[in-house]
Amino acid sequence: SDDSVVRQYGFSGNTDRNGNQIWTNYTAPIVVSQNMTVIARGLDEPNIVANSSDISSLVIDNIDKVAPVVTAVSDKTGYVNTDVTVTATFTDNVEIGKKEYSLDGGTTWLEYTDSGVVMSENGVIQFKGTDTAGNEKVISHNVTNIDKVAPTDPVITLNNTAPTNKTVRATTTYSADR
């Protein structure tokens, strides 16, 4: 209060070894970096608690330093010759503010919808979750199981094409795939 000679603050639960509240003289705004309860009191005279105001308190519970959790999964895990849909899940201890994805290494971010992202070729997709406090989490998901190119026909060659009364060995050569 304005008529307090001594203005003090403390943090709920911050006590000395005897269990007495630790008080600090208030001289400037209190900087708080984690959720806690700030308490304050005013005294008419230094160290005379009998002439003090009631203790006021304020619960600070809006500090969030925890990044969201982001996971991604493909709808197909074995080799396929079709598109693969990658879906992401975003969770947070408070609230997700933005869901985004990038196909170019994080240069461009697009809004993510819960229907997923269709990948028509192998590549890396990144997902970024940002909570309402501004904490971000970025993950990368590799799609490596799309193979839309059919192998070429195998080539069969013989070790001897002339007439013979001996065995002939046939060698088959296959195209490289993947």
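The values are calculated or read from the model by the stated rules, or taken from the named source; none is laboratory data. A quick note: this is a predicted structure, and the numbers were derived from the prediction, not measured. We place every Cβ from the backbone using ideal geometry, glycine too, and count neighbours over all the protein chains shown. The accessibility values were calculated without ligands, DNA or RNA, using every heavy atom of the protein model including side chains. Shrake-Rupley method; radii C 1.70, N 1.55, O 1.52, S 1.80 Å.
Using a probe of 1.4 angstrom and keeping all protein chains present, the accessible surface of the chain works out to 69 square angstrom per residue.
Here the calculated FRET efficiency for residue 58 and residue 115, from their Cβ-Cβ distance with R0 = 35 Å, stands at 0.20, rounded to the nearest 0.05. For the residues 110, 43, a 1.4 Å probe over the protein chains yields an accessible-area ranking, largest first, of 110, 43.
Here the chain exposes an accessible surface that is 49 percent carbon and sulfur, computed with a 1.4 Å probe and the other protein chains kept in place. As a calculated quantity, the FRET efficiency between residue 31 and residue 66 at R0 = 25 Å, using C-beta atoms, amounts to about 0.80. Pairs of Cα atoms nearer than 8 Å and 6+ residues apart set the relative contact order; for the chain it is 16 percent.
Gain on full extension, evaluated as 0.36 nm per residue between residue 103 and residue 164 minus their Cα-Cα distance, stands at 16.0 nm.
Here, the chain yields an orientationally averaged convex hull projection of 21.0 nm² when only Cα atoms define the hull.
In terms of packing, defined here as the mean over residues of other Cβ atoms within 10 angstrom, the peptides 152-163, 54-65 line up highest first as 54-65, 152-163.
Highest average first, the peptides 23-32, 9-18, 131-140 ordered by how many other beta carbon atoms sit within 10 Å of their residues are 131-140, 9-18, 23-32. Each Cα pair under 8 Å and six or more residues apart adds its sequence gap; the mean of these over the residue count of segment 52-135 is a relative contact order of 34 percent. Label sites at residue 149 and residue 81, each approximated as a point 7 angstrom past Cα along Cα to Cβ, lie 1.4 nm apart. Solvent-free Debye calculation, one equal scatterer per alpha-carbon of segment 65-111: log10 I(q)/I(0) at 0.13, 0.18, 0.19, 0.28 Å⁻¹ equals -0.42, -0.72, -0.78, -1.10. Net charge dipole, the chain: roughly 1160 debye, given to the nearest 20, about the Cα centre with Cβ charges of +1 for Lys and Arg and -1 for Asp and Glu.
Taking 7 Å steps out from each Cα toward its Cβ at residue 45 and residue 89 produces label points 6.5 nm apart.
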